[in-house]
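Everything below concerns the one structure shown next.
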Amino acid sequence: MPITDSTKKQIAQQRRLFFKICFNCGAKNPIGGTRCRKCRGSQMRLKNRTLGAKK
Ligand SMILES: [Zn+2]
């Protein structure tokens, strides 16, 4: 079902794209976090993509 509401679509895209991936365990972490919530590692890469990019 396509999302027609542009605001909801924007939120959904941000939820899907704006997070950090832990280098150690690959866990998804919040964008504002500095440490992995799973293994407490501090090495995390940013998963930031341009909006609108279709997977
Ligand atoms: Zn981790």
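Read-outs throughout are calculated quantities, based only on the coordinates presented, and are distinct from any laboratory measurement. For clarity, every value in this text was computed on a predicted model and none was experimentally measured. As a convention, Cβ positions derive from the backbone with ideal geometry for all residues, glycine included, and neighbour counts pool all protein chains shown.
From the Cα trace of the chain, what convex hull volume per residue do you get, rounded to a whole Å³? Before the final figure, lay out each step's value.
Working: hull volume 5.2 nm³, N = 55.
Taking only Cα atoms, the chain has a hull volume of 95 Å³ per residue.
Using just the helices of the chain, give the 222 nm mean residue ellipticity in deg cm²/dmol: DSSP H runs with n ≥ 4 each add -39,500 (n - 2.57), and the total is spread over all residues, rounded to 500.
When only DSSP H runs of four or more count, the value is -7000 deg cm²/dmol.
Just to be sure I understand: with springs between alpha-carbon atoms less than 10 Å apart, which residue in K20, K38, K28 has the highest mean-square fluctuation in the Gaussian network model of the chain?
K38
Please compute the length gained on full extension between I21 and K38, using 0.36 nm multiplied by the number of residues separating them and subtracting their Cα-Cα distance.
Once the chain is fully extended between I21 and K38, it gains 5.0 nm.
Could you work out how far helix 6-17 tilts from the main Cα principal axis of the chain, as a 0 to 90 degree angle to the nearest 10?
The two axes meet at around 20 degrees.
At what distance in nm do the modelled label points of Q10 and K47 sit from each other, each positioned 7 Å from its Cα along Cα→Cβ?
Between Q10 and K47, the simple spin-label model gives 2.3 nm.
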